[in-house]
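The values are calculated or read from the model by the stated rules, or taken from the named source; none is laboratory data. Computed from a prediction, not measured in an experiment: that's the story for all the values here. With ideal geometry, Cβ positions are generated from the backbone for all residues, glycine too; neighbour counts draw on all protein chains shown.
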Amino acid sequence: MSDIRRKVAIVPCSGIGKPYGTVSREAGYDLCEDLRPDTTELVALSRLVMGDETARQTVAKFPAIAIDGCKLMCAAKMVRQSGGTVAQEVAVLDVYRHHKDLKPEGIAELNDAGLQLARVLAEEVTEKIDELAPPDTRRGEGGSHG
Amino acid sequence: MDSLPKVKVGIVACSGEELPEGTVSRLAALRVLHELRPHETVTLCLPLFLAGGESERAFARVHPTITVDGCDLRCAARATEMYSATPAASIVVNDLVAEGGLGKPEGRRRLNEAGRQAVDATAAHVAALVDELLNRTPGAATSGEQGSGK
């Protein structure tokens, strides 16, 4: 059965050692709670890797956007190892290189620049989300969180 | 040198993005690392741990670890055991909340008051476990010993 409500799986790395991991997490929330709540689904990386069936089904069913905080790209790797398709790999460091004025600081609590960097990253990703899950498929859903 | 701890305790938080309890696990681990036991602990990055970070796995094989999970899936505990060694202690935030009679954490992005209380309680519990482990295992790596947390 085809799934009319096509979505995009958002997989942040959520690394705990550096602010960039926190930015990835915050960007995931920006996308799934604020910017594209109806066409995205947040997937916890820990669940995915531990073979949680629901998480694996989500990345098997929907294209994924992996948001990684460091060059090791754990989120992207894990999506692929779980049988999913990475439609876009986003490295927080790359986004930061284009927005040097937004230096993220703080791991438990990001500074304002870090929060802004997360928002910038999320906004850049929305274009890909709209391509993968076209806006017209969202019409008629009443705008509620999916 | 004698005043330095010979063993550090690794803290592995699930950091689950989907649940407020995952946020609690993450913030509690960071509280212990940055404020409560900064010289006695390190955090291990769970994604890297799972994705093949050999240094993380090696650390957890020879140092005691405390896992902090948000829910009963216990991803951090299972991952640590699967890829490295049995955690010295494992905590599940849900259990601590229930045992402490705390309110339900809400707000995975910004915790409510109950969530912040859960962070306090979880961090305090982890810090106590760190003390216990370091006193019991001076200079030696022990794994397979179950701690008092869950």
Residues satisfying the stated conditions in segment A:90-110, i.e. of a type outside the set (A, V, I, L, M) and surrounded by fewer than 18 Cβ atoms within 10 Å (Cβ to Cβ):
A:ASP94, A:ARG97, A:HIS98, A:HIS99, A:LYS100, A:ASP101, A:LYS103, A:GLU105, A:GLY106, A:GLU109
Over segment A:2-61, the set of residues facing chain B (nearest Cβ under 7 Å) and part of a strand (DSSP E or B) is A:PRO12, A:LEU42
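Residue by residue, here is whether (1) crowded, with 24+ Cβ neighbours inside 10 Å; (2) closer than 26 Å to B:ALA29 by Cβ; (3) modelled with pLDDT under 95 holds:
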residue	(1), (2), (3)
A:ASP3	no, no, yes
A:ARG6	no, no, yes
A:SER24	yes, yes, no
A:LEU31	yes, yes, no
A:LEU48	yes, yes, yes
A:ASP68	yes, yes, no
A:LEU72	no, yes, yes
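Within segment A:70-118, which residues are farther than 23 Å from A:LEU48 by Cβ and assigned to a helix (DSSP H, G or I)?
Listed by number, the residues that qualify are A:TYR96, A:ARG97, A:HIS98, A:ASP112, A:ALA113, A:GLY114, A:LEU115, A:GLN116, A:LEU117.
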If you check A:TYR29 against the conditions, is it among the aromatic types (Phe, Trp, Tyr), under 30 Å from B:LEU33 (Cα atoms) and touching a Lys or Arg at 6+ places or on another chain (Cβ under 6 Å)?
yes
Output the residues belonging to segment A:57-106 that are among the acidic types (Asp, Glu) and farther than 22 Å from A:GLU131 by Cβ.
A:ASP101, A:GLU105
Is it the case that B:LEU96 is modelled with pLDDT of 95 or more, over 23 Å from A:ILE107 (Cβ atoms) and touching a Leu at 6+ places or on another chain (Cβ under 9 Å)?
no
Here are the criteria: (1) farther than 25 Å from A:SER24 by Cα; (2) more than 12 Å from the chain's Cα centre (by Cα); (3) part of a loop (DSSP other than H, G, I, E, B). Tell me which single one B:ARG108 does not satisfy.
(1)
Name the pairs: first residue in segment B:31-47 and touching a residue at least 40 places away in the same chain (Cβ under 8 Å), second residue not in a helix (DSSP H, G or I) and not basic (Lys, Arg), Cβ to Cβ under 7 Å, at least 6 apart or on different chains?
B:VAL32/B:ILE11; B:VAL32/B:THR41; B:GLU40/B:PRO5; B:GLU40/B:VAL9; B:THR41/B:VAL9; B:THR41/B:ILE11
Quick one: which helices (runs of 4 or more DSSP H) lie wholly within segment B:1-105 and hold at least 2 residues that are surrounded by 23 or more Cβ atoms within 10 Å (Cβ to Cβ), at the interface with chain A (Cβ under 9 Å from one of its Cβ atoms) and under 10 Å from the mean Cα position of the chain (by Cα)?
B:20-31
Give A:ALA87, A:ALA91, A:ALA66, A:ALA55 a once-over and let me know the one that is free of Cβ contacts under 8 Å to residues at least 60 places away in the same chain and over 11 Å from A:VAL11 (Cα atoms).
A:ALA91
